[in-house]
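Everything on this sheet refers to the single structure shown next.
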Amino acid sequence: MKRLCVYCGSSPGNDPKFIEAAKSLGRRLAAGNIELVYGGADIGIMGTIANSVLANGGKVTGVIPKALCVKEVAHQSLTSLEVVEDMHERKARMSSLSDGFITLPGGLGTLEELFEMLTWSQLGFHRKPIGLLNIDGYFDGLLDFLDNSVRAGFVKEIHQSLLLVGNDPEELLSSMACYQSPIIDKWTSTDQAI
């Protein structure tokens, strides 16, 4: 993987562990010569991971819509900052630039980005690894929800398996590096691994 897209909060959250996890992931990306692709802001967890990658000699590409340049305070010290028209273009551009996706703690926008990538993978629009960094159990409720969705028959187990979960950056990056996408036909039960 040469470039990873990271979805995360534009606020820091209430627990310092979230900021520490972003710094740790940033250091690990830089050490592995993996470029960060992210939402382009200089605030919250978003700014923290970008600054960590840069401080450790790595490269960072930010993608931000015009309307958010001021609200999210566009980061002015990135390797590359792309200003796009809207959120749809932002997400498509971040996806096209990236070899995989990691989600850190965040709010509604972060969850929306995660689920869009999972949906695209389920539909076969990409075969890139999708990771969830579950810091201090932040995503436990979401993982329980997905388990319940499988039990209720709305999500297939093979679709749930598209989401790789780790509790620390090293563990998650290792599982993403070994990822083999299953061949999935969403509308039939004939699913197999490749």
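Kindly provide the set of residues from the range 90-121 that are open to solvent by 40 Å² or more (accessible area, probe 1.4 Å) and touching a helix residue (DSSP H, G or I) at 6+ places or on another chain (Cβ under 8 Å), ordered by number.
111, 116, 120
Considering every residue within the range 17-24, establish whether at least one is buried (at least 16 other Cβ atoms within 10 Å of the Cβ), part of a loop (DSSP other than H, G, I, E, B) and either of a type in the set (A, V, I, L, M, F, W, C) or modelled with pLDDT under 95 (or both).
Checked against the condition, which is being buried (at least 16 other Cβ atoms within 10 Å of the Cβ), part of a loop (DSSP other than H, G, I, E, B) and either of a type in the set (A, V, I, L, M, F, W, C) or modelled with pLDDT under 95 (or both), the range 17-24 yields no hits at all.
Determine the pairs where a residue that is touching a residue at least 60 places away in the same chain (Cβ under 8 Å), located within the range 145-172, has a partner that is hydrophobic (A, V, I, L, M, F, W, C) and assigned to a helix (DSSP H, G or I) with Cβ atoms under 8 Å apart, the partner being 6 or more residues away or on another chain.
Cβ pairs passing all conditions: 168/21; 169/21; 169/25.
Under the condition of being touching a helix residue (DSSP H, G or I) at 6+ places or on another chain (Cβ under 6 Å) and of a type in the set (Gly, Ala, Ser), which residue from the range 53-89 is farthest from residue 25 (Cα to Cα)?
57
What's the number of the condition residue 125 fails, among (1) assigned to a helix (DSSP H, G or I); (2) open to solvent by 10 Å² or more (accessible area, probe 1.4 Å)?
Going through (1) assigned to a helix (DSSP H, G or I); (2) open to solvent by 10 Å² or more (accessible area, probe 1.4 Å) one by one, residue 125 breaks only (1).
From the list 36, 78, 29, pick out the single residue that is within 29 Å of residue 171 (Cα to Cα) and either among the charged types (D, E, K, R) or in a strand (DSSP E or B) (or both).
Of 36, 78, 29, the one residue that is within 29 Å of residue 171 (Cα to Cα) and either among the charged types (D, E, K, R) or in a strand (DSSP E or B) (or both) is 36.
Counting just the residues of the range 94-120 that are among the polar types (S, T, N, Q) and either in contact with a Phe, Trp or Tyr (Cβ under 9 Å, 6 or more places away or on another chain) or assigned to a strand (DSSP E or B) (or both), which one comes out farthest from residue 37 (Cα to Cα)?
Checked the range 94-120; the qualifying residue farthest from residue 37 (Cα to Cα) is 119.
Keeping to the range 48-82, report how many residues are within 13 Å of residue 37 (Cα to Cα), among the hydrophobic types (A, V, I, L, M, F, W, C) and open to solvent by 20 Å² or more (accessible area, probe 1.4 Å).
Of the residues in that region, 3 qualify.
So in the range 128-161, with the set limited to residues that are assigned to a loop (DSSP other than H, G, I, E, B) and under 24 Å from residue 26 (Cα atoms), which one is most open to solvent (accessible area, probe 1.4 Å)?
Only one residue tops the list, namely 138.
Just the residues that are assigned to a helix (DSSP H, G or I) and open to solvent by 60 Å² or more (accessible area, probe 1.4 Å), please, taken from the range 162-173.
170, 171
For the range 67-90, name all the residues that are of a type in the set (Asp, Glu) and either under 16 Å from residue 11 (Cβ atoms) or within 20 Å of the chain's Cα centre (by Cα) (or both).
Hits for the range 67-90 are 72, 82, 86, 89.
Please list, ordered by first then second residue, the pairs with beta carbon atoms under 7 Å, 6 or more apart or interchain, first in the range 108-123 and closer than 15 Å to residue 10 by Cβ, second assigned to a helix (DSSP H, G or I) and open to solvent by 40 Å² or more (accessible area, probe 1.4 Å).
none
The values are calculated or read from the model by the stated rules, or taken from the named source; none is laboratory data. Because the structure is predicted, anything quoted here is derived from the model rather than measured. Positions of Cβ are backbone-derived with ideal geometry, glycine not excepted, and every protein chain shown enters the neighbour counts. For the accessible areas, the whole protein counts, side chains as well, though only heavy atoms, and no ligand, DNA or RNA atoms are used. Shrake-Rupley method; radii C 1.70, N 1.55, O 1.52, S 1.80 Å.
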